[in-house]
Amino acid sequence: MYYLVIALFMLVLPAGCVAAEYVWLHTSADLVALIGKWFTFWGVGMRLGIAGLRQAFNPAFTAKDIFEIEEPAAQEIVRELGFANLALGLLGLLSLIPGWTPPAAIAGAVFFALAGWKHATAKNRIATRNVAMLSDIFIALVLGVYLAMHFTGRA
């Protein structure tokens, strides 16, 4: 289930929304702006929002299945991470409001770049952590390219 959720939120749903709005709805929005909006909404908003809910209400999954920490006390830290993810997720959901995409994309890109780097430098990564690392780096790159194009006037 974890792998399916990651694939849906990080690639399938944002790409589908970009295609739907650009091709089928014939929007006047720039393709780069659509990529920024939908990858921010799904990748930051929905992924971090749902992860935040899961971490806040079931911190054992992240502690045990991602970080391989069995210590029950670690769950309190994971719960706090969940609150931070909920806040970032809300910002990502607000990216559908005009003008909110760049700030949400900045916050998301920073979070995912740092999280991806941390996963990449970890020793003894397991499959779920590898998937988290790859998806974090992927979304950080997509948002980074969007932001570079947005702020240089190419979007």
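Since every read-out is calculated from the coordinates, none of them should be taken as a lab result. Keep in mind it's a predicted model, so treat the numbers as computed, not measured. Glycine also receives a Cβ, built like all others from the backbone with ideal geometry; neighbour counts cover every protein chain displayed.
Under the 0.36 nm per residue contour assumption, what length would be gained going from the current alpha-carbon distance of ILE69 and LEU53 to full extension?
Between ILE69 and LEU53, full extension yields 3.8 nm more.
Out of every Cα-Cα pair in the range 100-151, what percent are more than 15 Å apart?
The proportion of pairs with Cα distances above 15 Å equals 44 percent.
Subtract the Cα-Cα distance of ALA84 and PHE61 from 0.36 nm times their separation in residues, and report this length gain in nm to one decimal.
Result: 6.6 nm gained on full extension.
Give the residues of the range 1-39 whose amide nitrogen is closer than 16 Å to a point set 7 Å from the Cα of ALA122 in the direction of its Cβ.
2-3, 6
For the chain, set up a GNM with springs between Cα atoms under 10 Å and report which of THR101, THR128, THR27 has the largest fluctuation.
Looking only at THR101, THR128, THR27, the biggest GNM fluctuation is shown by THR27.
In the set (1) 50, 40, 28; (2) 42, 37, 31; (3) 52, 27, 27, which value of Cα extents along the principal axes in Å was calculated from the structure you see?
Read-out taken from this structure: (3).
Any chance you could check the Cα centroid distance between the range 95-155 and the range 14-85 for me, in angstrom?
That distance is 11 Å.
So what's the back-of-envelope 222 nm ellipticity for the chain, counting only DSSP H runs of four-plus at -39500 (n - 2.57) apiece and dividing by all residues, rounded to 500?
Calculated from helices alone, the mean residue ellipticity at 222 nm is -20500 deg cm²/dmol.
Please sort 42-49, 102-109 by packing, taking for each peptide the average over its residues of neighbouring beta carbons within 10 angstrom, highest first.
For the peptides 42-49, 102-109, the packing ranking is 42-49, 102-109.
Using 5 Å bins from zero, what percent of all Cα-Cα pairs in the range 57-101 falls into each bin?
Bins of 5 Å from zero give 5, 23, 21, 14, 12, 10, 8, 5, 1 percent of pairs.
Quickly rank 75-83, 89-97 as a protection proxy: mean count of other C-beta atoms within 10 Å, highest first.
89-97, 75-83
Given H placed 1.01 Å from N in the peptide plane, which residues other than close sequence neighbours of ILE69 have an amide H under 5 Å from its amide H?
Counting only residues 5 or more places away or on other chains, the set is LYS64.
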